[in-house]
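Below is one structure, written out as structure tokens; the observations come after it.
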Protein chains: 2
Amino acid sequence: MKVHILSIGDEILIGQITNTNSSWMARLLNNNAIRVQGISTVSDQHEEIIEGIKTAFLKSDVVLMTGGLGPTKDDVTKKAIADYYGVELVFSSETYERILKMFEQWGRKTTNAHREQCYMPQNTVLLLNKLGTAPGMWFDEAGKVLVAMPGVPYEMEYLMEHQVLPKLLERFPRSPIAHRTIQTVGEGESRIAERIAQFEDNLPPNIKLAYLPNMGRVRLRLTAFGDHQTTIEAALDEKVQELVPLIEDLIFGHGDISLEAAVGQLLQTRNLTIATAESCTGGYLAHQITAVAGSSAYYMGSVIAYSNDVKINQLNVRPATLKEHGAVSEATVREMVAGLLQLIPADIGIAISGIAGPDGGTPEKPVGTIWLAIGNQEQIYSIKLQLGKDRLRNIQFTSVNALNFVRQWVLGRL
Amino acid sequence: MKVHILSIGDEILIGQITNTNSSWMARLLNNNAIRVQGISTVSDQHEEIIEGIKTAFLKSDVVLMTGGLGPTKDDVTKKAIADYYGVELVFSSETYERILKMFEQWGRKTTNAHREQCYMPQNTVLLLNKLGTAPGMWFDEAGKVLVAMPGVPYEMEYLMEHQVLPKLLERFPRSPIAHRTIQTVGEGESRIAERIAQFEDNLPPNIKLAYLPNMGRVRLRLTAFGDHQTTIEAALDEKVQELVPLIEDLIFGHGDISLEAAVGQLLQTRNLTIATAESCTGGYLAHQITAVAGSSAYYMGSVIAYSNDVKINQLNVRPATLKEHGAVSEATVREMVAGLLQLIPADIGIAISGIAGPDGGTPEKPVGTIWLAIGNQEQIYSIKLQLGKDRLRNIQFTSVNALNFVRQWVLGRL
């Protein structure tokens with residue numbers, strides 16, 4: 001099965017938004033060993049959409065479309081699909097009932113546009129969208145499948161995971177394939193490659209290794225192809241057992257787990273609680289930790305000390321320390337941890353202060369200078385990072401480092 | 001002139017990287033009134049590249065390619081272009097001299113791959129790339145232009161700004177196009193559509209309106225086409241003047257500005273500071289606020305009171321209030337604001353407590369029940385949201401609501 005991803009939307013063609021939907025979909029498909037032959041974007045005009053579908057099908061068995069299914073007037077996608085197949089739009093009372101029920105639950109009223117939205121190409125199979133008003137649409141004609149989904153990311157993601165992917169795998173049976181994913185943090189792709197060079201050279205031809213780096217983390221994905229599922233699963237398990245000891249210090253998890261969830265599990269297993277004090281990351285670390293459902297079991301809270309006043313009054317940082325060493329200094333983050341643990345009596349405290357940029361750097365402390373400290377009532381450990389000039393990237397990369405810092409602390413590796 | 005952007009690269013097709021190059025290029029072209037007809041990505045294989053060029057030229061006068069010109073993947077793209085035109089690759093001593101000189105300056109040695117890199121399709125005009133080894137390549141055959149650039153973002157950006165764009169504007173007389181973007185928050189797209197239905201129905205055929213919804217915010221984009229730039233710009237300005245009064249309460253900005261930046265500007269203009277107290281959003285609101293460069297001018301800090309202990313000990317919420325009304329209640333968020341402003345003496349305090357999900361709901365307070373309060377030393381205003389079941393979406397949507405809450409408070413609309 002070859003898939004083409006087709007995005008509909010002028011907002012992509014004028015560069016107003018970046019097409020993150022297509023990369024999310026490509027990643028999901030790739031993880032399921034489905035080949036993406038191409039990705040394209042066309043404008044939300046009738047002729048362009050039809051042309052886009054035709055072109056996409058030239059080299060693919062499946063076309064996955066996103067965008068152009070909302071309840072407003074710029075919605076031409078359904079009409080284009082209907083005309084592509086030469087069918088009429090018919091009213092789906094099933095969809096209308098569902099929208100009415102959703103709005104009733106929310107205590108809000110539907111508009112005429114919601115009724116309009118319920119006209120669907122006659123030949124569609126509707127895919128239930130639990131997170132929005134527009135259902136997904138599945139078309140299966142002449143041996144080829146077209147799927148249309150709303151462009152709202154979480155609605156598309158829901159439909160892809162719960163409806164489209166299972167149906168595709170059922171519709172296009174494929175030869176056995178298996179994956180194992182090992183999640184690492186703390187080293188770049190080339191350093192890991194060096195450490196496992198021999199392992200990689202000795203892989204049999206039916207097992208491939210991929211490096212998937214993302215902001216301080218690298219996922220290692222082993223993929224095996226073969227005739228029998230059980231044989232390739234066993235071969236993969238054996239390879240994982242060979243690989244793990246080579247990079248054990250870097251591995252935070254297996255499979256799809258995020259670093260923040262892995263750290264959360266580690267804390268919960270050891271019955272430890274944590275609190276945070278953030279300056280330059282401005283709450284991003286707290287957000288990462290609390291994005292994990294159930295994090296209230298180990299996360300107590302944070303003081304975001306964006307201003308020096310808050311550092312002094314809440315975290316008990318001495319004005320003399322700020323004056324002598326500056327807010328971005330080893331002394332300050334150490335005092336922040338100590339002050340934090342007085343305020344919020346968690347088992348572990350972590351503090352961050354740095355210059356996220358783009359402004360605020362000096363020759364001595366350029367943009368990207370970040371201090372972190374971690375500790376408990378007995379001891380505090382601190383470290384300096386020297387990152388780049390991009391504000392958001394500095395914030396995110398620092399949070400990844402902080403989470404790894406917590407992991408290493410709990411494991412007694414600091 | 002219609003342009004097609006063609007990205008070359010397996011790393012995009014497997015979802016390893018997001019195609020930010022194409023959105024950057026689309027934005028630059030759009031700002032210069034050049035219409036992007038389509039965007040597509042193909043794999044870095046000879047046949048796929050040739051096919052991609054052919055398809056792209058079906059509906060465009062110009063194809064801008066990125067990727068596949070580094071010293072490793074080099075051969076495939078250039079060979080494909082040469083074969084597309086039916087010409088040979090010839091050695092460019094001009095390019096080789098330049099690479100030698102660059103490496104001499106860096107004190108590094110070239111490899112054989114750098115020499116290989118200097119073979120170019122015979123019919124190319126080279127575009128000087130001051131930031132890297134691979135030059136851009138310009139082809140002009142049969143009335144259509146193909147440009148190939150390296151995929152490294154800053155090299156592509158340099159070439160686009162200094163070489164490609166000026167040459168394109170000289171080569172093709174452009175057809176005028178103009179945009180206006182109005183940013184709104186507080187109503188969904190269908191509600192807005194109702195409010196401006198008459199305006200929309202009366203738009204002339206050369207002006208299009210698009211709704212671009214994103215998590216509680218809706219961008220309205222007016223696009224005009226015509227023969228004269230000044231005429232369509234004036235027509236658009238007139239339409240904006242008609243549109244604004246219809247939805248003035250919802251508009252937080254014009255153009256590319258984000259809600260968090262707009263709220264920041266509003267606070268800064270009025271010389272107001274703000275502090276936050278977050279429970280269920282776990283730092284996401286603070287992160288949104290501090291993602292804006294320069295936010296330290298108005299943002300003081302936050303207490304993330306994830307546990308009840310922090311609510312009691314830091315924010316001075318009375319244990320009796322928690323016991324009687326629960327952590328997710330109007331009484332609690334009101335006490336959180338009062339306590340926050342005692343701790344951090346900002347002009348405005350905002351507090352959030354809710355059940356983000358997926359667990360923790362009760363029949364009385366289901367997942368998605370969120371209380372917000374905003375206030376100063378004199379008065380506190382509170383409101384309840386009833387959101388859905390998706391944790392991350394609840395967190396993000398609540399933050400958008402909180403920012404809108406701040407905006408309305410400052411504007412005296414609460």
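Any read-out appearing in this document is the output of simple, stated calculations on the displayed coordinates, not a laboratory observation. Please read these numbers as outputs of a predicted model, since none were measured by experiment. Every residue, glycine as well, gets a Cβ built from its backbone with ideal geometry; the counts of neighbours run over all protein chains shown.
Couple of notes before you dig in:
- For chain B, the relative contact order is 10 percent, taking Cα pairs closer than 8 Å that sit 6 or more residues apart in sequence and dividing their mean separation by the residue count.
- Under the Debye formula (equal points on every Cα, no solvent term), log10 I(q)/I(0) of chain A at q = 0.06, 0.07, 0.10 Å⁻¹: -0.35, -0.47, -0.88
- Under the combined filter of DSSP loop state and at most 14 neighbouring Cβ atoms within 10 Å, the stretch B:329-381 retains these GluC sites (Glu not before Pro): B:E364, B:E378.
- Across identical copies of the chain, A:K109 has label-point separations of 7.9 nm, listed in ascending order, with the point defined 7 angstrom from Cα along Cα→Cβ.
- Inter-part distance where the stretch A:153-168 and the stretch B:375-397 are each reduced to a Cα centre, Å: 29
- Using a 7 Å projection from Cα along Cα-to-Cβ, the label point at A:L414 is separated from the same position in the remaining copies by 3.8 nm, smallest value first.
- Residues B:I312, B:I232, ranked from the fewest to the most other C-beta atoms within 10 Å, line up as B:I312, B:I232.
- Dipole check for the protein assembly as shown: with +1 at the C-beta of Lys and Arg, -1 at the C-beta of Asp and Glu, and the Cα centre as origin, the magnitude is about 940 Debye.
- Measuring max minus min along each principal axis, the C-alpha atoms of the protein assembly as shown give extents of 80, 67, 58 Å (largest first).
- Residues of type lysines that A:K323 reaches as a straight line, Cα spacing below 22 Å, ignoring anything fewer than 8 places off in the same chain: A:K311, A:K365, A:K384
- For A:A33, inter-copy separations between label points set 7 Å beyond Cα along the Cβ vector come to 5.4 nm, shortest first.
- Shape of the stretch A:1-73, Cα gyration tensor, a/c cut at 1.5: oblate
- Within 10 Å of each Cβ in B:209-218, the average number of Cβ atoms from other chains: 4
- The helix-based estimate of mean residue ellipticity at 222 nm for the protein assembly as shown, built from -39,500 (n - 2.57) per DSSP H run of four or more residues and divided by its residue count, is -11500 deg cm²/dmol to the nearest 500.
- Ranked B:F91, B:F139, A:F405, A:F103, criterion: other C-beta atoms within 10 Å, fewest first: B:F91, A:F103, B:F139, A:F405
- Cα gyration tensor shape of the stretch A:276-414, rounded if a/c is under 1.5, else prolate or oblate by comparing a/b with b/c: oblate
- Of A:K2/A:K59; A:K2/A:K78; B:K208/B:K239; B:K2/B:K144; A:K389/B:K109; B:K59/B:K144, those spanning more than 18 Å from alpha-carbon to alpha-carbon: A:K2/A:K78; A:K389/B:K109
- Farthest toward the positive end of the dipole of the protein assembly as shown, out of A:F172, B:S353, B:F57, is the Cα of B:S353, where the dipole comes from beta carbon charges about the Cα centre.
- Amide H within-cut-off set for A:T273, under 5 Å, with H built and near neighbours excluded: A:D347, A:I348
- For the stretch A:77-91 versus the stretch B:351-374, the inter-centroid distance based on Cα atoms is 41 Å.
- In terms of surrounding Cβ atoms within a 10 Å radius of their Cβ, A:M156, A:M149 rank from fewest to most as A:M156, A:M149.
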